[in-house]
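Report on the structure given below.
The values are calculated or read from the model by the stated rules, or taken from the named source; none is laboratory data. Note that this is a predicted model, so its numbers are computed, not measured. Cβ placement follows ideal geometry from the backbone for every residue including glycine, while neighbour counts extend to all protein chains displayed. Note: areas computed on protein heavy atoms with side chains; ligands, DNA, RNA excluded. Shrake-Rupley method; radii C 1.70, N 1.55, O 1.52, S 1.80 Å.
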Amino acid sequence: MPTVLEVVHTTTTRYARPVRFGEHRVMFRPQPRHDMRVLQAELEISPSHELRWITDSFSNSIAAVNFPGPAAELKFVARIAIEQYGSANQELPLAPDAVTYPVQYSAAEQLDLYPVLQPYAADPNGELKALAESFVLHANGDTRRMLQAMMESIRHEISYRSRYEEGTQHPLDTIQRKGGTCRDDAHLMLEACRELGIAERFVTGYLYDPKLDGGAVGMAGAGSTHAWAEVYLPGAGWVPCDPTNLLTGGTELIRVATTRIPEQAVPLSGSFTGAATDYLGMEVEVRVRKLGDPQDLLSIPGP
């Protein structure tokens with residue numbers, strides 16, 4: 001049976017006085033595939049604005065928003081209902097060339113996957129590569145066991161903590177500090193896999209925490225936007241890997257966008273014209289709940 005989830009994502013930015021804005025880009029709408037269907041979607045924006053929907057180079061849905069007049073507050077509220085089918089990715093058979101490391105991609109796959117096979121983060125002393133290669137040894141070359149060991153290492157050795165500065169940490173900083181956000185965890189795993197010649201891409205989205213419905217264990221990263229990675233394994237295709245919560249499938253991960261690098265997966269971006277002191281801060285709240293009855297679906301369909 002599919003699981004129906006509702007997401008309410010609210011972002012409010014305040015300023016000391018009315019300021020003018022450049023174009024804002026909103027990446028809140030989930031990305032449907034065979035494992036997930038968008039049932040309803042609504043995006044409320046204030047103040048008065050002009051909106052157009054576009055797709056980026058990765059086929060993600062982007063709302064491009066322009067504000068003709070000045071304002072002291074911007075507010076974006078996304079209300080979304082999705083149907084999750086909970087693919088059991090660990091049970092999908094791998095192609096013979098992917099069962100053991102090194103993973104072998106066909107010539108066509110190498111051409112298609114080239115951008116997400118190339119390491120992005122600088123590794124001048126080979127520390128990332130050495131870390132990645134250590135997992136190969138511990139897993140005796142078994143690809144799936146190696147990826148699981150990588151996720152478990154990040155989960156247990158990197159403490160989850162919120163950061164208020166913008167951007168994503170360099171993976172070497174995450175290792176050194178032994179702490180980071182879900183975006184930092186995903187970036188570390190992404191770069192470690194690429195150092196091993198395994199295609200991986202960055203994912204931004206939402207996280208359903210079963211603890212809200214009486215589950216015993218809470219999820220790290222719930223209550224805000226979430227991030228993880230997807231690894232491409234011939235035979236199984238794109239498989240989610242969430243090292244923050246040790247998830248490789250199920251219904252908890254709600255995919256919004258997939259990109260080559262973290263900087264391309266910013267849920268909300270934009271600019272304003274004014275003094276730096278005019279910016280008072282941003283508040284983000286994400287609520288995800290399971291709907292027990294289809295009649296509970298949101299009443300207003302979106303685009």
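Scan segment 229-247 for residues that are open to solvent by less than 10 Å² (accessible area, probe 1.4 Å) and without any contact (Cβ under 8 Å) to a residue 40 or more places away in the chain and the total you get is 1.
When segment 53-96 is filtered for residues that are out of contact with any helix residue (DSSP H, G or I) (no Cβ under 9 Å at 6 or more places or on another chain), closer than 30 Å to G141 by Cβ and at pLDDT 95 or above, the ones remaining, listed by number, are A95, P96.
Considering D209, D213, D184, the condition of being without any contact (Cβ under 8 Å) to a residue 40 or more places away in the chain, in contact with a strand residue (DSSP E or B) (Cβ under 9 Å, 6 or more places away or on another chain) and of a type outside the set (G, A, S) is satisfied by D184 alone.
Table: residues versus (1) over 22 Å from Q264 (Cβ atoms); (2) buried (at least 17 other Cβ atoms within 10 Å of the Cβ); (3) touching a residue at least 60 places away in the same chain (Cβ under 8 Å).
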{"residue": "Q31", "(1), (2), (3)": "no, yes, yes"}
{"residue": "S48", "(1), (2), (3)": "yes, no, no"}
{"residue": "S59", "(1), (2), (3)": "no, no, no"}
{"residue": "V65", "(1), (2), (3)": "no, yes, yes"}
{"residue": "I80", "(1), (2), (3)": "no, yes, yes"}
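Please state which one of L94, L74, L51 is assigned to a loop (DSSP other than H, G, I, E, B) and of a type in the set (A, V, I, L, M, F, W, C).
Values: L74 fails: assigned to a loop (DSSP other than H, G, I, E, B); L51 fails: assigned to a loop (DSSP other than H, G, I, E, B).
One residue alone meets the criteria, L94.
Specify the residue that is surrounded by the most Cβ atoms within 10 Å (Cβ to Cβ); the eligible residues are those in segment 248-277 that are without any contact (Cβ under 8 Å) to a residue 60 or more places away in the chain and either among the aromatic types (F, W, Y) or in contact with a strand residue (DSSP E or B) (Cβ under 7 Å, 6 or more places away or on another chain) (or both). Among residues in segment 248-277 that are without any contact (Cβ under 8 Å) to a residue 60 or more places away in the chain and either among the aromatic types (F, W, Y) or in contact with a strand residue (DSSP E or B) (Cβ under 7 Å, 6 or more places away or on another chain) (or both), the one surrounded by the most Cβ atoms within 10 Å (Cβ to Cβ) is L253.
Scanning segment 101-126 for residues that are over 26 Å from G235 (Cα atoms) and surrounded by 14 or more Cβ atoms within 10 Å (Cβ to Cβ) yields a total of 2.
Against the test of being of a type outside the set (D, E, K, R), touching a His at 6+ places or on another chain (Cβ under 7 Å) and in a helix (DSSP H, G or I), the options A149, A121, A108, A130 yield a single qualifying residue, A149. Selection of segment 156-192 for residues being farther than 22 Å from L233 by Cα, out of contact with any Ser or Thr (no Cβ under 6 Å at 6 or more places or on another chain) and assigned to a helix (DSSP H, G or I) yields H156, E157, P171, L172, D173, T174, I175, Q176, R177.
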